[in-house]
Amino acid sequence: MSSLSLKHIYKVYNKDVLAVNDFSMEIKNNEFIVFVGPSGCGKSTTLRMIAGLEEITAGELRIDDVVVNDFEPKDRNIAMVFQNYALYPHMTVYENMAFSLRTQKMSNEQIYEKVTKAAEILGITEYLDRKPKQLSGGQRQRVALGRAIVRSPKVFLLDEPLSNLDAKLRTQMRMEISRLHETLQTTFIYVTHDQVEAMTMGTRIVVMKDGYIKQIDSPINLYKHPNNMFVASFIGTPQMNFFDCLINKQKQLVNLTLCSAQTISMDYKLINKVPLKYMDQSISVVFGIRPDDIRIKSNIYVKDDMWVPLKAIILQTEILGNETIVYGNLKLTNPDNKDSIIIFKTTPDVLLKRGYIVDIEISLEKFHLFDKETERVICN
Ligand code: ADP
């Protein structure tokens, strides 16, 4: 159980690589924090600074209100689990898990108690006498977790622990790590580049890009209320559709023209928080809508003013079995235009051929508007 405070943390490598830029956040007891972002965005560096494996260039790191910037890793009461497991190949599973306790001069009885309890939690009791090479990838990762658990650390740090496992095992281990977090009631910080892993495991997610924090929020808020276009596109698959948009306000009605091709109209009150400077058609904005918030027009829906019509020319479909992903274009006469591609989903019984023009509807409750220059949200 532990809280962490990171205040204006920077990491500069070799005097000129700015890997982490003004990272600040407060982490409460027992949170499951996930750092997510594309490769090279500074996730591992931040984690390694918390672990004490990397010096902090500037800023302050506190664990339970004690500044630990200058503490050795062993004095921070933190355990780290790596992607490559880092097990000792010549030792049994039991000895791998006991190793750090032996260096603390703990008695054999105490070690036995801790190792067998951790093995039980992780379901690896029957493998305690085996060597790592006699284990599968998933079992090895459990041993690596066990080695961390026996130390009863205040904070667990996990650096892409599942990326060496196949897709099925990854899903299973994802659930096991979430359960482990519930069982241990300890603060977890987990690094991944996989947004699905982040969304399913984190109580709060830190989305990073180029060394900067782009947003810190709960999974559902990141999905529903992204602060900027990077977060909007990084979270969710297929990714959010973005269209160039001109807004024209006429009294209580606003018209939004997407990709200079098609116009939707709505009541001004739906976007009355958007500054008026965006509404005289002199500045274009970016209109964002997720594939899930678009549907093919159908007679079975009760008429609903919160869905407005558009048309799309079909380019391609991907039949996944449970659903079909549809690629279309809003420019009906110029379907090769890359900036007006629209992606949406439909049920598998709907068959769409390339070149068909379909009536679709988008939800006025779910769209987003972004400033084109800053890429920041102006309406969520
Ligand atoms: P991530 O974990 O998000 O993939 P990293 O934290 O590993 O990213 O790296 C962030 C940036 O710092 C990258 O540009 C990377 O090349 C750079 N970097 C990481 N480690 C070092 C190092 N030891 N020396 C110099 N640059 C490094």
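A few remarks follow.
- Filter result (free of Cβ contacts under 8 Å to residues at least 40 places away in the same chain and loosely packed, with under 15 Cβ neighbours inside 10 Å) within region 89-115: R102, T103, Q104, K105, S107, N108, E109, Q110, Y112, E113
- Of the residues making up region 1-17, those that are surrounded by 14 or more Cβ atoms within 10 Å (Cβ to Cβ) and either β-branched (V, I, T) or more than 8 Å from the ligand (Cβ to nearest atom) (or both) are S2, S3, L4, S5, L6, K7, I9, Y10, V12.
- Residue in region 110-122 that is farther than 18 Å from Q185 by Cα and under 28 Å from the mean Cα position of the chain (by Cα) present: no
- Residues in region 29-38 include at least one that is closer than 13 Å to V191 by Cα, within 9 Å of the ligand (Cβ to nearest atom), surrounded by fewer than 15 Cβ atoms within 10 Å (Cβ to Cβ) and touching a residue at least 40 places away in the same chain (Cβ under 8 Å).
- Residue within region 212-220 that is touching an Asp or Glu at 6+ places or on another chain (Cβ under 9 Å) and over 21 Å from L6 (Cβ atoms) present: no
- Hits in region 273-301 - residues which are surrounded by 12 or more Cβ atoms within 10 Å (Cβ to Cβ), in a loop (DSSP other than H, G, I, E, B) and of a type in the set (V, I, T): V274, I283
- Residue that is farthest from W307 (Cα to Cα), among those in region 248-272 that are touching a residue at least 40 places away in the same chain (Cβ under 8 Å) and assigned to a helix (DSSP H, G or I): I271
- Apart from one condition, I325 fits all of (1) part of a strand (DSSP E or B); (2) under 20 Å from D244 (Cα atoms); (3) among the hydrophobic types (A, V, I, L, M, F, W, C); the exception is (2).
- Residue in region 45-61 that is farther than 19 Å from L158 by Cα, within 15 Å of the ligand (Cβ to nearest atom) and of a type in the set (D, E) present: no
- Scanning region 39-62 for residues that are touching a helix residue (DSSP H, G or I) at 6+ places or on another chain (Cβ under 6 Å) and surrounded by 19 or more Cβ atoms within 10 Å (Cβ to Cβ) gives G52, I56.
- Region 182-200 - residue that is assigned to a helix (DSSP H, G or I) and charged (D, E, K, R) and, of those, surrounded by the fewest Cβ atoms within 10 Å (Cβ to Cβ): E182
- If the condition is being at pLDDT 95 or above and either under 13 Å from L352 (Cα atoms) or basic (K, R) (or both), then region 306-322 contributes K311, A312, I313, I314, L315, Q316, T317, E318.
- Residue among D336, D304 that alone is in a loop (DSSP other than H, G, I, E, B) and within 21 Å of C245 (Cα to Cα): D336
- Within the option set R130, R174, R170, R140, being more than 23 Å from the chain's Cα centre (by Cα) and in a helix (DSSP H, G or I) holds for one residue only, R140.
The values are calculated or read from the model by the stated rules, or taken from the named source; none is laboratory data. What you see is a predicted model, and the numbers here were worked out from it, not measured in a lab. Note that each Cβ is placed from the backbone with ideal geometry, even for glycine, and that neighbours are counted across all protein chains shown.
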